[in-house]
1. In this structure, does residue 32 turn out to be at pLDDT below 70 and farther than 30 Å from residue 90 by Cα?
2. Which one of these does residue 91 not meet: (1) modelled with pLDDT of 95 or more; (2) more than 27 Å from the chain's Cα centre (by Cα)?
3. Return the total of residues in the stretch 47-66 being loosely packed, with under 13 Cβ neighbours inside 10 Å and either assigned to a helix (DSSP H, G or I) or touching a residue at least 40 places away in the same chain (Cβ under 8 Å) (or both).
4. Looking at (1) in a helix (DSSP H, G or I); (2) at pLDDT below 90, which is the only condition residue 4 fails?
5. On the basis of being loosely packed, with under 11 Cβ neighbours inside 10 Å, within 23 Å of the chain's Cα centre (by Cα) and either assigned to a helix (DSSP H, G or I) or at pLDDT 70 or above (or both), does residue 42 make the cut?
């Protein structure tokens, strides 16, 4: 006989063996699923650690340096309130990046 609603299983029912076979299979499947789900982040972490880190090219490193420098300038300009009216990060980044590239060539 199957129950139409979920009733939590008590410890006494488990000890006495008063469980339907279907209920036992469901609980076994849930326990297995939870065990696998708990183990998968650890497996993903191990796989992530196994990959060697990619080294950046000189151009990528220079770009990152310019982004960090321009980001620091943007924060300072925004905090001081000296930014042009309507100036947003993309426009500031474009001007700053162009300026820094020109300064490096000179």
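The values are calculated or read from the model by the stated rules, or taken from the named source; none is laboratory data. Note that the coordinates shown come from a computational prediction; the quantities given were computed from them, not determined experimentally. Counting neighbours? That spans all protein chains shown, and the Cβs are built from the backbone with ideal geometry, glycine included.
1. Working: at pLDDT below 70: no; farther than 30 Å from residue 90 by Cα: yes.
So residue 32 does not fit the description; no.
2. For residue 91, the failing item is (1).
3. As a first pass, look at the stretch 47-66 and keep what is loosely packed, with under 13 Cβ neighbours inside 10 Å: 47-61, 64-65.
Pick out the ones that are also either assigned to a helix (DSSP H, G or I) or touching a residue at least 40 places away in the same chain (Cβ under 8 Å) (or both) and you get 47-50, 58-61, 64-65.
Here the count works out to 10.
4. Here residue 4 meets the rest and fails (1).
5. Values: loosely packed, with under 11 Cβ neighbours inside 10 Å: yes; within 23 Å of the chain's Cα centre (by Cα): yes; either assigned to a helix (DSSP H, G or I) or at pLDDT 70 or above (or both): yes.
Judged against the criteria, residue 42 is a match.
Conditions tested, residue by residue: (1) surrounded by 11 or more Cβ atoms within 10 Å (Cβ to Cβ); (2) in a helix (DSSP H, G or I).
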site	(1), (2)
68	no, yes
74	yes, yes
77	yes, yes
85	no, no
97	yes, yes
103	no, yes
